[in-house]
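The values are calculated or read from the model by the stated rules, or taken from the named source; none is laboratory data. No experiment lies behind these values; they were computed from the predicted model shown. No Cβ is skipped: glycine too gets one built from the backbone with ideal geometry, and neighbour counts run over all protein chains shown. Keep in mind that these areas ignore ligands, DNA and RNA; they rest on the heavy atoms of the full protein, side chains included. Shrake-Rupley method; radii C 1.70, N 1.55, O 1.52, S 1.80 Å.
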Amino acid sequence: MLPYAIRRILIAVPVLFGITVINFFLINMAPGNPVDMLIDPTMPKELLDARKELLGLNDPLWMQYAKWLGGLLRGELGYSFSSYAPVSTLIAERLGPTLGLAAASLALGLLIAVPVGIISAVRQNTKFDYFMTGLSFIGTSIPQFFFGLSLIYIFAVQLRILPTGGMYTLGAGGGTWDLIRHMILPVFVLGVFIAGKKVRYVRASMLDVLKQDYLRTARAKGLHPFIVTNKHALRNALIPMITVIAMEIPLLLGGSILIEQIFQWPGIGQLTIQSILSRDYPTLMGLNLAAACIVLATNLLTDLLYSAADPRIRYNG
């Protein structure tokens, strides 16, 4: 398994290189100019040109990319055009809150989707199955921004039992309970959306496995239905479920951009919006690189989880 992981990592290097090339030129092809966002446009043209020269914006695109790539090979991601802080520092400060929000949302979504999907498959075509399938469609159909704003209005504005946004209450000194209170609404919004999509996948995967001959044999031998479902059927249904869950992680990071804006969560989603609005090219490049690394790491982890779920799968050197 270790040689396989090393090979996958080596393959990921040219993939990352290609991603950085595409991202760099797409970002620089966008309309607007970072200097126009940073300086009063009424200033003399000489000062604007001097600012562009200082930021290296007068260089050809291939030279700008070569400088950025050279800094990356030295472990540097450059400096933000808007805050002048190291990009690596900005991403490190924002990555933790985003990963925490994504992990909690994914855990909540799976805690709802897996048992509900299993029960729906076992009780196929019953009232419970129809009811939960209908709820899953509702969960995926409601726009996240509308659901989030509705929860803010109900629980923060009307009932005043939860904060409207942010990560900590200003002046309250922080603390674990304060963090949990601020996470409840955004985690619930993302978790419901994930659960709505995953219930149908879990149900379909379980239905496919429950029809297999070896499970009929297990039932005929008198095994308890709980053991048949949760030990034999669930284990064999994990392979497609692992793939679907792994695909959710990059989508969750991208989808959290909207939720972080609504709930003012200080993560990479909020940083991405700020960087786009200010044409902060170095920060956008760093964010895209971080997202690409997370996606590639997720794909590698997915392959390794296959062998853990099904011992018949082996990655030989």
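Assorted remarks:
- Residue match in segment 90-100 (condition: open to solvent by 40 Å² or more (accessible area, probe 1.4 Å) and modelled with pLDDT under 85): no
- Those residues of segment 207-226 which are closer than 21 Å to residue 241 by Cβ, of a type in the set (A, V, I, L, M, F, W, C) and exposed (fewer than 12 other Cβ atoms within 10 Å of the Cβ), in sequence order: 226
Residues checked against (1) more than 18 Å from residue 206 (Cα to Cα); (2) out of contact with any helix residue (DSSP H, G or I) (no Cβ under 8 Å at 6 or more places or on another chain):
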{"position": "120", "(1), (2)": "no, no"}
{"position": "124", "(1), (2)": "no, no"}
{"position": "133", "(1), (2)": "no, no"}
{"position": "136", "(1), (2)": "no, no"}
{"position": "139", "(1), (2)": "yes, no"}
{"position": "153", "(1), (2)": "yes, yes"}
{"position": "162", "(1), (2)": "yes, no"}
{"position": "165", "(1), (2)": "yes, no"}
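- When 230, 288 are checked against the criterion of being at pLDDT 85 or above and open to solvent by 40 Å² or more (accessible area, probe 1.4 Å), a single residue qualifies: 288.
- Residue list for segment 156-206, filter: of a type in the set (Gly, Ala, Ser), open to solvent by 20 Å² or more (accessible area, probe 1.4 Å) and under 13 Å from residue 263 (Cα atoms): 165
Here's the yes/no breakdown for (1) buried (at least 19 other Cβ atoms within 10 Å of the Cβ); (2) on the phi > 0 side of the Ramachandran plot; (3) over 14 Å from the mean Cα position of the chain (by Cα); (4) modelled with pLDDT under 75:
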residue: 248; (1), (2), (3), (4): yes, no, no, no
residue: 254; (1), (2), (3), (4): no, no, no, yes
residue: 260; (1), (2), (3), (4): yes, no, no, no
residue: 264; (1), (2), (3), (4): no, yes, yes, no
residue: 268; (1), (2), (3), (4): yes, no, no, no
residue: 310; (1), (2), (3), (4): no, no, yes, yes
